[in-house]
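Structure record follows, encoded as structure tokens.
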């Protein structure tokens, strides 16, 4: 089950939980890595919005569905969650993929 760590304005989700969530709900998956990283492999249906563009994207969009932020190891995506929360996005809609793409790949989930 996705969970919050004390003091974090977002939820943590692991690769297995995300795989199931994708089947059940089709959340919006935002990859915050750079284009070169994204092109080496990404989660199917993910959108590329590099971290330096997240603030502008959040400011321009009303977020009403679950958003899972993804990066290589889970650090930049956690920052994207914090930025989104600071812009007033409901914390219950924000998720950080723990371990990022490294964990996704290690656990054998498909990439494009």
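Coordinate-derived values only; no laboratory data. Nothing here was measured: the structure is a model prediction, and the numbers come from that model. Ideal geometry is used to build each Cβ from the backbone, glycine not excepted, and the neighbour counts take in all protein chains shown.
Can you work out the base-10 log of I(q)/I(0) for the range 1-81 at q = 0.14, 0.19, 0.25 1/Å, using the Debye formula on its C-alpha atoms alone? Reported log10 I(q)/I(0), two decimals: -0.45, -0.86, -1.44.
Rounded to the nearest 0.05, the FRET efficiency derived from the C-beta distance between residue 102 and residue 53 at R0 = 22 Å is 0.50. The residues 44, 76, when put in order of fewest to most other Cβ atoms within 10 Å, stand as 44, 76.
Each 5 Å bin from zero holds the following percent of Cα-Cα pairs in the range 34-102: 3, 18, 29, 28, 15, 6, 1. This ranking places 52, 42 by how few other beta-carbon atoms lie within 10 Å of each, fewest first, which gives 52, 42. In terms of the mean number of neighbouring beta-carbon atoms within 10 Å, the peptides 93-102, 25-34 order highest first as 93-102, 25-34.
Each residue, residue 23 and residue 40, gets one label point 7 Å from its Cα in the Cβ direction; the gap between the two is 2.9 nm. By other beta-carbon atoms within 10 Å, ranking 87, 38 with the fewest at the front produces 87, 38. A simple spin-label model places the labels of residue 91 and residue 60 2.9 nm from each other, with each point 7 Å out along Cα-to-Cβ. Within the chain, antiparallel bridges make up roughly 10 percent of the DSSP beta bridges whose residues both belong there. Assuming a ≥ b ≥ c are the square roots of the Cα gyration tensor eigenvalues, decide whether the range 20-67 counts as rounded (a/c under 1.5), prolate (otherwise, with a/b larger than b/c) or oblate. Oblate, since a/c reaches 1.5 and b/c is not below a/b. Could you give me D for the range 73-112, from Stokes-Einstein at 10 °C and 1.306 mPa s, where the hydrodynamic radius is the Kirkwood radius over C-alpha pairs? Units µm² s⁻¹, please. It diffuses with D of about 144 µm²/s by this estimate.
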